[in-house]
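Heads up: the structure comes next, in structure tokens.
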Amino acid sequence: MKRKRIVRSIFLWVLIAMLIFTVGMLILRPDFRFTAKQTLASIAANEKPEEISSDRLTLNKIPTDDLSGFTVDQSLMLVNRENILPDDFSADIVEYKDSGVEMNRCITDSYSELSKAVADNFGENLYIISSYRTAEEQNEIEDEQGSDTAMPSGSSEHQTGLALDVYVDKYAGKAFIKSEAGRFVNENCWKYGFIIRYPAAKKSVTGIDYEPWHIRYVGSPHAELISKGCVTLEEYYEELEYGKFYKYDGYIITRQNGEFLEIPQGKNCVISSDNMGGYVITVKE
Ligand SMILES: [Zn+2]
């Protein structure tokens, strides 16, 4: 009986110690508090595009081998270990504001707005430690770090120029989230068309630990849907079925494959490969 009572009291003390530790971490560590808040939000999140019938849309049938006259970019390519870039892939790269930093043409304006928001709100410069990488550069990183840590060539988003590793003064890498600017970027980058590509508690889907510094452009309204829905790009594509039409926040979204695309009439039509043999068409109503 006495032994049972001792075991019970040890268990109780361990429980109390764990509780004090957790409360202490929540009070003292803003990064811990932030990650806990994000994880809780992901449990309740249910933001999804609404599926609509194509009957209510005016559609133009266009052959996929002639998309001239449309805005075609690379913004929605899914790139990971399962979906590697084609051998003949060529990223649409430009230099960002004479900085020597190379990135995909479709993200420059959005990145400029995001970094301006960081400067305006916190008086901080948002720096880029890594942006576009060639296949050769990715190969070198894999050789240095091994394929468990580094993505093999063809499977890194950095080769598209759509991903940026960002930091502010004194807060780089995992410490980025300890800065106010870092938490702002993590919470608000969707407003500028970016997502946190490898969120906390999603390693089972992405295969990659939480990277608060790695932002990935997907554009509007996809960034809002992915962020508010607390899904990864992989999970988002499971929701967008080929041949179906969706509506969200004034946009029509459709993902299609085959020899022809049925493009809804509207403003600002953007077509991007999904890197899985299909296309995502985003049209503003
Ligand atoms: Zn990165």
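Rule-based calculations on the coordinates, nothing more; no lab input. No experiment lies behind these values; they were computed from the predicted model shown. Glycine gets a Cβ as well: all are built from the backbone with ideal geometry, and neighbour counts include every protein chain shown.
Modelled this way, with points 7 Å down the Cα-to-C-beta line, the labels at A36 and Y127 are 3.2 nm from one another. Note on the chain: the alpha carbon radius of gyration divided by the globular reference 2.2 N^0.38 Å gives 1.16. Beyond 30 Å between alpha-carbons counts as too far, so tell me which of K97/K202; K61/K116; K178/K284; K116/K228 fall in that bin. Long pairs (Cα-Cα over 30 Å): K97/K202; K61/K116; K178/K284. Sequence-distant contacts, meaning Cα pairs under 8 Å at least 6 residues apart, place the relative contact order of the chain at 23 percent. When all alpha carbon pairs of region 32-138 are counted in 10 Å bins from zero, the resulting P(r) reads 9, 23, 32, 27, 9, 0 %. Once backbone amide H atoms are built at 1.01 Å from N, D274 has Y279, V280 as its partners under 5 Å, excluding neighbours fewer than 5 places away on the same chain. Taking amide H atoms as placed 1.01 Å from N in the peptide plane, the amide H of G161 lies under 5 Å from those of R133, each 5 or more residues away in sequence or on another chain.
Within region 195-221, which residues have the backbone N less than 14 Å from the label spot 7 Å out from E235 along Cα→beta-carbon, could you tell me? 196-208, 210, by backbone N distance to the label point.
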